[in-house]
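Let me begin by presenting the structure, written as structure tokens, before commenting on it.
The values are calculated or read from the model by the stated rules, or taken from the named source; none is laboratory data. Bear in mind that the values here come from a model prediction, so they are computed numbers and not experimental data. When we count neighbours, we look across all protein chains shown, and the Cβ atoms used for this are built from the backbone with ideal geometry, even at glycine. Areas reflect the complete protein model, heavy atoms only, side chains present, ligands, DNA and RNA absent. Shrake-Rupley method; radii C 1.70, N 1.55, O 1.52, S 1.80 Å.
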Amino acid sequence: MSPMPNVPFIDGHNDFLLRLLRTPERREELWLGAGQEGHLDLPRMQKAGFAGGFFAIYISSPPEDNAPDHEAMMDAPPYDLPLPGLMTASETQHIALAMAGHLMWMERAAAGALKICRTTADLHACMDDGTIAAIMHMEGAEAIGADLDALYAFHAMGLRSLGPVWSRPTIFGHGVPFRFPGDPDTGPGLTDAGKQLVKVCNELRIMIDLSHLNEKGFDDVARLSDAPLVATHSNAHAVTPSTRNLTDRQLAMIRESGGIVGLNYATLFLREDGRKATDCGWDPVMRHLDHLVDKLGEDHVGFGSDFDGAELPDVIGDVTGVQALIGQMRAHQYGEELIEKIARKNWVALLERTWGA
């Protein structure tokens with residue numbers, strides 16, 4: 001029997017640009033090379049059926065003297081990691097610009113194999129001809145000042161998705177700390193600047209990402225925004241009680257708004273014990289996926305891997321393991337129509353609703 005053909009998929013979150021930022025002198029090797037490092041590169045994405053994805057502009061906090069070993073703490077729950085302090089636009093804007101530049105270089109270097117999508121017409125064209133659809137995303141709005149001038153500038157460059165925070169606070173709001181066990185009710189809601197950010201993102205049709213935002217901030221976005229609610233890379237709190245995962249109440253609000261949640265492959269947010277260990281098999285992946293489908297409905301679940309930003313289950317490994325996940329979904333009695341919705345069609349429909357058809 002011949003193997004099943006690849007199911008093309010759209011992925012809600014990756015941190016590949018951070019790899020290029022850290023080693024820019026190797027970017028051609030990392031992007032176009034044979035693919036034995038990290039989770040992503042162009043050859044493996046093409047082999048894996050990667051039809052499109054959100055490429056995150058994310059800025060790391062500077063190292064702290066005598067800081068505890070966060071990686072070791074997260075592998076031995078319970079844990080509660082202090083959040084880094086706020087970073088200013090003057091500290092971060094040049095870094096965000098460099099990362100946007102790397103994505104634009106990737107488009108040029110791919111020689112037609114990848115396109116930065118700014119409209120749903122761009123997205124549909126990519127889906128039709130097999131070009132990888134890249135969506136410029138900002139994970140944490142540190143590079144956007146209170147006057148929002150930089151938001152307009154990045155939008156002109158191609159920014160179409162933005163998370164107000166990456167856990168660490170910004171002038172716009174507050175994120176969840178990395179805490180297990182814990183829940184997302186961890187602080188105040190959006191600031192006045194954050195409320196204005198939501199308004200302008202709606203006007204510009206920039207998708208607002210709720211992953212990493214705390215519960216009161218989530219509620220503020222839900223109250224203020226006229227767009228569907230989206231969490232690009234989050235899981236179910238009812239299965240794994242991490243602050244980063246979404247409660248059933250939040251899932252209901254996302255469903256009611258016509259939004260979507262992208263399943264995060266990070267073991268920290270999949271395993272019931274909250275550990276990073278990668279030898280967890282398919283069981284926690286499918287428990288989260290089942291819960292998301294049950295609470296959100298078939299039209300509001302997608303993939304949101306966290307490629308190149310987290311430890312993944314060994315059964316996935318890297319981007320080439322997504323077809324194994326799809327095979328597991330078949331074995332779990334997911335029909336082909338549902339698989340295609342989760343893999344690709346739900347993200348396309350969500351972006352149509354957010355960006356405009």
Study note, to complete from the structure: Going residue by residue through region 100-115, the Karplus relation 6.51 cos²θ - 1.76 cosθ + 1.60 with θ = phi - 60° gives ³J(HN,Hα) values, rounded to whole Hz and with x marking Gly or Pro, of 4, x, 4, 5, 5, 5, 4, 4, 5, 5, 6, 6, x, 7, 9, 9
Exercise for review: Using Cα centres only, tell me the gap between region 200-231 and region 250-299 in whole Å.
Suggested key: 20
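What is the extension gain from R223 to S90, computed as 0.36 nm multiplied by their sequence separation minus the C-alpha to C-alpha distance, in nm to one decimal? Can you show the working numbers first?
Details: separation 133, 0.36 × 133 = 47.88 nm, distance 3.04 nm.
Length gained between R223 and S90: 44.8 nm.
DSSP beta bridges in the chain, what fraction antiparallel, as a percent rounded to 5?
Values: 4 of 32 bridges.
Counting DSSP beta bridges with both partners in the chain, the antiparallel share is about 10 percent.
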Exercise for review: Taking H placed 1.01 Å from N in the peptide plane, check which residues at least 5 places from W282 or on another chain put their amide H under 5 Å from its amide H.
Suggested key: none
Practice item. With all protein chains present, calculate the accessible area of W105 using a 1.4 Å probe and round the result to the nearest 10 Å². Key: 30
Study note, to complete from the structure: Hits in region 76-116: amide N under 20 Å from the 7 Å Cα→Cβ extension of E25, namely 98-99, 102
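Ratio of alpha-carbon Rg to the 2.2 N^0.38 Å globular estimate for region 165-316, to two decimals, please.
On the way: Rg = 14.8 Å, N = 152, 2.2 N^0.38 = 14.8 Å.
That ratio works out to 1.00.
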Practice item. Taking only Cα atoms and a 10 Å spring cutoff, compute GNM fluctuations for the chain and point out the largest among Y265, Y58, Y152. Key: Y152
Check your understanding: Tell me, what is the per residue accessible area of the chain in Å², probe radius 1.4 Å?
Key -> 38
Exercise for review: Return the sequence-ordered ³J(HN,Hα) values of region 169-183 in whole Hz as given by the Karplus equation 6.51 cos²θ - 1.76 cosθ + 1.60 applied to θ = phi - 60°, using x for Gly and Pro.
Suggested key: x, 10, 5, 9, x, 10, x, 7, x, 7, 9, 9, x, x, 10
Check your understanding: Out of T120, T23, T232, any idea which swings most in a Gaussian network model of the chain, alpha carbons joined below 10 Å?
Key -> T23
Revision key, fill the gap. Read-out mean projected area of the Cα convex hull in nm², candidates (i) 16.7; (ii) 19.0; (iii) 17.5; calculated match is (i)
Point to revise | Derived scalar couplings ³J(HN,Hα) [region 298-305; Karplus, 6.51 cos²θ - 1.76 cosθ + 1.60; whole Hz; x for Gly, Pro] | key: 5, 8, 10, 10, x, 9, x, 4
Check your understanding: Taking the Cα-to-Cβ direction at H124 and at D273 and moving 7 Å from each Cα, how far apart do the two end points lie in nm?
Key -> 5.0
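Output the relative contact order of region 150-204, whole-number percent, from Cα pairs under 8 angstrom with separation of 6+ residues. Don't skip to the end; give the middle numbers.
Details: 44 pairs, mean separation 14.3, N = 55.
Relative contact order of region 150-204: 26 percent.
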Point to revise | Carbon + sulfur, % of accessible area of the chain - ligands and nucleic acids excluded, 1.4 Å | key: 52
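What does the highest-first list of 182-191, 63-72 look like by mean Cβ count within 10 Å?
Working: 182-191: 18.2, 63-72: 8.6.
In decreasing order of mean packing, 182-191, 63-72 become 182-191, 63-72.
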Practice item. From zero up to wherever the largest Cα-Cα distance of region 80-177 sits, split into 5 Å bins and tell me the percent of pairs in each. Key: 3, 13, 20, 20, 16, 12, 9, 6, 2, 0
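Percent relative contact order of region 257-316, based on C-alpha pairs within less than 8 angstrom and at least six residues apart?
Contact order relative to length: 53 percent.
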Review point. On full extension of the chain, what length is gained from D299 through A67, given 0.36 nm per residue of separation minus the C-alpha to C-alpha distance?
Key: 79.2 nm
Check your understanding: In region 171-211, if every C-alpha pair distance is counted and binned at 10 Å from zero, what percent goes to each bin?
Key -> 27, 46, 23, 5
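What does the charge add up to near A96, with Lys and Arg as +1, Asp and Glu as -1, over the other residues with Cβ less than 11 Å from its Cβ? All intermediate terms of the calculation are to be shown ahead of the outcome.
Values: positive: none; negative: E91, E139, E142.
Value of the local net charge: -3.
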**Study point:** Euclidean distance between Cα centres, region 78-139 to region 315-339, Å
**Key:** 25
Practice item. Can you bin region 25-86 into rounded, prolate or oblate? Criterion: square roots of the alpha carbon gyration tensor eigenvalues sorted a ≥ b ≥ c, rounded for a/c under 1.5, prolate for a/b above b/c, oblate for the rest. Key: prolate
Review point. With respect to the cross-link table entries K216/K276; K295/K345; K115/K345; K195/K295, which display a Cα-Cα separation exceeding 23 Å?
Key: K216/K276; K195/K295
Practice item. Would you tally the net charge around K345, using a Cβ to Cβ cut-off of less than 11 Å, leaving K345 out, and scoring K and R as +1, D and E as -1? Key: -3
Revision key, fill the gap. For L263, other-chain or 5+-apart residues with amide H closer than 5 Å (H placed, Pro excluded) are G302, F303, G304
Study note, to complete from the structure: Under a 1.4 Å probe, counting only protein heavy atoms, K199 has an accessible area in Å², nearest 10, of 100
